[in-house]
Amino acid sequence: MKKGVVATVAAMSVSLPALGAEIKVLSAGAIEPGLRVAAAAFEKEAGHTVKIQFATAPQLRQRVGGGETADVVIAPPAVIDEFAKAGKLGEARVDVGRVGLGVAVRPDAPVPDISSAEALKRSVLDAESIVFNRASTGLYFEGLLKKMGIYGQVEAKSVRYPDGASVMEHVLNKGKGREIGFGPITEILLYKEKGLRLIGPLPAEVQNYTRYVAAQMTGAPGSGAAQAFLRHLGSPAGKAQFVARGIE
């Protein structure tokens, strides 16, 4: 090969950008609106590809406990702690934010009074049915009903689903009468354009926030890119992308 050709090839190899990595993310579904935007911004900035799979906290426990791996996992702190104790996570963690519990109804449904804990209690008792999930937010709401002393009265009219998306689909497409749905505010907002009405957050005195933490899994193939993604999630720009979509 002539010297000129060798020099040209060498110059091209120096100037060509490195191929981007593919980052696999397993995440709780409640932060989907913010995470999708943050991932898209990171892809544009870093040249990597982010592949996200959403699941409930119980499903994440089952999948990771069953041996599934990813580069990054995002879940409530208790779940992250479990994975860390099992030796599945590295030390790097990023606090993504927290999501509160909201109240939703279909477009033509009566608006329940949720101005106080007592008003919420009356609205739940008056409802023809209540719909909520079996994930972390639904478990909290079930506990709240028990704390209010009304779970026994409303259990028979409770409709439960494994995840928040199924709750919203039910309220929007299958609901009737005085039905009320409960779920993460972010998941309710995902269905706002379809007509689902966010009545508001639970009253402050009974509100519950679920916090979400991102961590890198051990043995992740794209470790360098995964670390960069975590840095983006924890950066001021990353935080702003989540806050703008209801994740505090």
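The values are calculated or read from the model by the stated rules, or taken from the named source; none is laboratory data. These figures come from a predicted structure and were not determined experimentally. Note that we place each Cβ from the backbone using ideal geometry, even for glycine, and neighbour counts take in every protein chain shown. Ligands, DNA and RNA are stripped out before the accessible areas are found, and what is left, the full protein with its side chains, is counted by its heavy atoms. Shrake-Rupley method; radii C 1.70, N 1.55, O 1.52, S 1.80 Å.
Run the quick spin-label model on R61 and K194: label points 7 Å from Cα toward the beta carbon, then report their separation in nm to one decimal.
Computed distance between label sites R61 and K194 equals 2.7 nm.
How about the range 145-195: which trypsin sites (Lys or Arg not before Pro) there are in a DSSP loop, with at most 10 other Cβ atoms within 10 Å of their Cβ?
K176
Could you give the nm distance between label points at D95 and T49, where each point is 7 Å from its Cα heading toward the beta carbon?
Modelled inter-label distance: 3.5 nm.
At a 1.4 Å probe radius, which order do D95, D163, D71 fall into by accessible area, largest first?
D95, D163, D71
If you roll a 1.4 angstrom probe over the protein chains with everything in place, what fraction of the accessible area of the range 174-228 belongs to carbon and sulfur, to the nearest %?
Carbon-and-sulfur percentage of accessible area, whole number: 50.
For T218 and R231 in the same chain, what is the full-extension length gain: residue separation times 0.36 nm, less their Cα-Cα distance, in nm?
Value of the extension gain: 3.0 nm.
Just tell me which lysines come within less than 19 Å, Cα to Cα, of K174; anything on the same chain fewer than 8 places away is out.
K174 reaches K157, K192, K194.
Pull out the extension gain between V37 and A156, defined as 0.36 nm times the separation in residues minus the alpha carbon to alpha carbon distance; nm, one decimal.
38.9 nm
Report the label-to-label distance for E22 and S166 in nanometres (one decimal), using points 7 Å from each Cα along the Cα→Cβ vector.
2.9
Restricting the count to DSSP beta bridges whose residues both fall in the chain, what percent are antiparallel, rounded to a multiple of 5?
In the chain, DSSP labels about 55 percent of beta bridges as antiparallel.
Which of the following values of mean projected area of the Cα convex hull in nm² was calculated from the structure shown: (1) 11.7; (2) 17.0; (3) 13.8?
Among (1) 11.7; (2) 17.0; (3) 13.8, the one calculated here is (2).
When the Cα centres of the range 203-248 and the range 104-157 are compared, how far apart do they sit, in Å?
Measuring centre to centre over Cα atoms gives 29 Å.
Straight distance only, please: which lysines reach the Cα of K24 with their own Cα at less than 18 Å, same-chain residues fewer than 8 apart left out?
Here the lysines satisfying the reach criterion relative to K24 are K44, K51, K88.
Can you figure out the FRET efficiency of D81 with K146, using R₀ = 25 Å and their beta-carbon distance, to the nearest 0.05?
Using R0 = 25 Å, I get an efficiency of 0.50.
With every protein chain present, what is the per residue accessible area of the chain (1.4 Å probe, Å²)?
49
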